[in-house]
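Peer 1: After the structure tokens below, expect a handful of questions from me.
The values are calculated or read from the model by the stated rules, or taken from the named source; none is laboratory data. Worth saying up front: this structure is predicted, and the values here are computed from it rather than measured. Glycine gets a Cβ as well: all are built from the backbone with ideal geometry, and neighbour counts include every protein chain shown.
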Amino acid sequence: MEKFEENRWTFANRTRFVVLFLGICSIICNHGAYTTISFTVIYWLQNSADVSFVFSAGAIGAIVGLIPSVPLTTRFGIRNILAFYSFSSSIATLLVPLAVSIGYYPVVAARLIQALGGNMSLMTLMIYGPTYLNKVLGLDVKDTGFANAIPYILATAVKFTAGPLSDKLTSVPDTWKMIFFAAVAQGGMACGFFVMALTRDKLIAQIAYTAAIVLAGVNMIGVVKCAQMVSRQYIHFVMAVNSLISWVAIFILPMIIGFLCPNHTPEEWSVFYIAGGIWVIVMNIPFPFLATTEAADFTKPGFGEKKVGDVEGK
């Protein structure tokens, strides 16, 4: 693991704000890379199978990059590995315009490398959001970009508000707070899916789309916080597994979209969003019954030695 020296710069004891700023910039750039591919696909590819393959290539690259990330992080440190992955993703994003000018397969290769540095319902909105706004709601390029940007701006504001609010609610048990915020995030997303599926009004659909993304942002205070409190010092491994599951879902998602929404008609997307809303609800039913703030046994000192002793005693 990395060893920190005492004489490192501390930025006048404001290092945490520098890290926060750099983290926000990284997330902005990472999401910008996704948006770049989404808009490229909208106005470049027409074949549904080709679109699905480009999006799946990102998932393949992410899985390939994720598998060695935990041992590499242990060996070389989180900063070095994060810098390497971010650099690889940035170079691949810069190569996208050149790849488009060359042909289809160079774009697939760039997308795969891009994802080396980079959950099914949320990823649907992130990856296919611009497609839905353009193909289904009929927005032009300018309006699509604007409508796709608003939810993430609002989501940022909600995250900055929800975090301190959760900390100030000291009279409410942490378990109940995690369940509440998880319900708001996942329930809001499911409701947004249902409204988008059932309405034909552009304004209502945009409001539902925006609300689904904004409310999904508070999931960090629900499910993710629960994972951190349970796994403690092993949170990096838990998040790596979570990322792996997410990227496997993203790999499958384009195939589902290609099958259910080959022509991107409102009727086709209605079927998909109804199924997506039901999926979100069903997958989150166990959380209120399993959520806890107690650290798992494997995080406690002597857990490994105790297991070995039990085996030897038998």
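Peer 1: Could you identify the single residue in Met196, Met189, Met178 that is touching a Cys at 6+ places or on another chain (Cβ under 6 Å) and either at pLDDT 85 or above or of a type outside the set (A, V, I, L, M) (or both)?
Peer 2: Met178
Peer 1: Still on this structure: I need every pair where a residue in region 133-162 that is assigned by TED's automatic domain parsing to the domain that holds Lys202 has its Cβ under 8 Å from the Cβ of a residue that is among the small types (Gly, Ala, Ser) and outside any helix (DSSP H, G or I), sequence separation at least 6 or different chains.
Peer 2: Filtered contacts from region 133-162: Ala155/Gly217; Thr156/Gly217; Val158/Gly217; Lys159/Gly217; Ala162/Gly217.
Peer 1: A follow-up question, please. Take region 145-175 and flag every residue that is of a type outside the set (Val, Ile, Thr) and at pLDDT 85 or above. If you could, list the steps in order and put the result at the bottom.
Peer 2: Taking region 145-175 first, the residues of a type outside the set (Val, Ile, Thr) are 145-149, 151-152, 154-155, 157, 159-160, 162-169, 171, 173-174.
Answer for region 145-175, where residues must be of a type outside the set (Val, Ile, Thr) and at pLDDT 85 or above: Ser171, Pro173, Asp174.
Peer 1: A follow-up question, please. Are there any pairs with C-beta distances below 9 angstrom linking a residue in region 212-236 that is assigned to a helix (DSSP H, G or I) to a residue that is surrounded by fewer than 20 Cβ atoms within 10 Å (Cβ to Cβ) and among the acidic types (Asp, Glu), with the two at least 6 apart or on different chains, and if so which?
Peer 2: From residues that are assigned to a helix (DSSP H, G or I), the pairs are Lys225/Asp174; Cys226/Asp174; Met229/Asp174; Met229/Glu294; Val230/Glu294.
Peer 1: Something else: Quick one: would you say Gln186 is assigned by TED's automatic domain parsing to the domain that holds Thr131, in a helix (DSSP H, G or I) and within 30 Å of Thr74 (Cα to Cα)? Give the derivation first.
Peer 2: Details: assigned by TED's automatic domain parsing to the domain that holds Thr131: yes; in a helix (DSSP H, G or I): yes; within 30 Å of Thr74 (Cα to Cα): no.
In short, no.
Peer 1: While we're here: Kindly indicate whether any position in region 105-113 is at pLDDT below 70 and surrounded by fewer than 15 Cβ atoms within 10 Å (Cβ to Cβ). Write out each step before concluding.
Peer 2: Residues of region 105-113 at pLDDT below 70: 105, 107-108, 110-113.
Add one more test, that the residue is surrounded by fewer than 15 Cβ atoms within 10 Å (Cβ to Cβ), and what stays is 105.
Yes, there is a match, as at least one residue in region 105-113 is at pLDDT below 70 and surrounded by fewer than 15 Cβ atoms within 10 Å (Cβ to Cβ).
Peer 1: Out of contact with any helix residue (DSSP H, G or I) (no Cβ under 7 Å at 6 or more places or on another chain), modelled with pLDDT under 70 and more than 24 Å from Ala155 (Cα to Cα) - does that describe any residue in region 60-76? If you could, list the steps in order and put the result at the bottom.
Peer 2: Kept after step one, since they are out of contact with any helix residue (DSSP H, G or I) (no Cβ under 7 Å at 6 or more places or on another chain), are these residues of region 60-76: 64, 67-68, 71, 74-76.
Those left that are additionally modelled with pLDDT under 70: none.
No, region 60-76 contains no residue that is out of contact with any helix residue (DSSP H, G or I) (no Cβ under 7 Å at 6 or more places or on another chain), modelled with pLDDT under 70 and more than 24 Å from Ala155 (Cα to Cα).
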